[in-house]
1. What spacing in nm lies between the two simple spin-label points modelled at R48 and A15, each 7 Å away from Cα in the Cβ direction?
2. Check each of the GluC sites (Glu not before Pro) in the stretch 36-84 and keep only those in coil by DSSP with at most 16 other C-beta atoms within 10 angstrom; list them in order.
3. Where the convex hull is taken over the Cα atoms of the stretch 99-160, what is its projected area averaged over directions, in nm²?
4. What FRET efficiency do you get for R121 and D74 if R0 is 22 Å and r is their Cβ-Cβ distance, rounded to the nearest 0.05?
5. Give me the extension gain from K63 to D104: residue separation times 0.36 nm, minus the current Cα-Cα distance, reported in nm with one decimal.
6. Compute, for the stretch 1-84, the length of the dipole vector about the Cα centre, with Cβ point charges of +1 (Lys, Arg) and -1 (Asp, Glu) only. Units Debye, rounded to 20.
7. Setting aside same-chain residues fewer than 8 positions from K88, which aspartates and glutamates have a Cα under 12 Å from its Cα?
8. Take every Cα-Cα pair in the chain and report what % of them are more than 30 Å apart.
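Just so it is clear, none of the values below were taken in a lab; they were calculated from the coordinates. These figures come from a predicted structure and were not determined experimentally. Heads up, the Cβs are rebuilt from the backbone with ideal geometry, glycines too, and the neighbour counts pull from every protein chain shown.
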Amino acid sequence: MSVAFRRAGPGDVPAMLAIYAAARQFMAEVGNPGQWRDGYPGEALLARDAGAGDMYLCCEGEKILAAFYFKTGDAPEPCYDTIDGAWKKTGPYGVLHRVAVAPDAHGRGVAAACFAWCFARCGHLRIDTHRDNRPMQRALEKSGFVRCGTVRLAGGEERWAYEKC
């Protein structure tokens with residue numbers, strides 16, 4: 001599979017919204033209806049993150065195969081400061097959020113390609129997912145991520161925390 005990665009821009013928001021809508025439907029169909037409720041992530045959030053340079057697209061030619069949030073730094077995700085469990089490594093890391101693959105790209109290794117691209121940029125990744133998101137858990141574990149414990153989002157919801165270093 002030959003893919004390329006690029007930062008998302010404001011003009012990509014409609015395509016990203018369509019990918020996330022399909023992802024919400026897919027998650028509901030596979031037993032995870034509670035992760036991205038009420039239209040999350042919405043237009044304003046995607047536009048804000050794209051404007052900040054933190055939204056990325058995995059593309060095959062002009063076709064968008066996946067969208068995801070990726071940011072690196074000393075503490076790019078404040079919710080990860082406290083974990084019920086233990087991170088494997090301290091120091092700067094990259095955080096991935098909202099990884100969503102287009103429906104016609106499922107089963108092609110697109111999520112793994114996104115993880116590999118991010119890992120090549122920083123060598124230390126953290127991500128969280130809903131306990132009911134079995135497809136994401138399998139994709140993470142297949143890509144070398146290890147479950148380290150549980151984190152709480154700003155709203156208090158628990159998520160399983162994974163790390164690769």
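1. 2.4 nm
2. Details: sites: E43, E60, E62; in loops: E62.
Taking the stretch 36-84 and a limit of 16 other Cβ atoms within 10 Å, the loop GluC sites (Glu not before Pro) found are E62.
3. Numbers: hull surface 19.1 nm².
For the stretch 99-160, the mean projected area of the Cα convex hull comes to 4.8 nm².
4. The formula returns an efficiency of 0.90 here.
5. Numbers: separation 41, 0.36 × 41 = 14.76 nm, distance 1.05 nm.
Stretched fully, the K63-D104 segment lengthens by 13.7 nm.
6. Details: 7 positive and 12 negative charges, 53 e Å.
Taking the Cα centre of the stretch 1-84 as origin, the dipole is about 260 debye.
7. E163
8. Details: 1104 of 13530 pairs.
That fraction is 8 percent.
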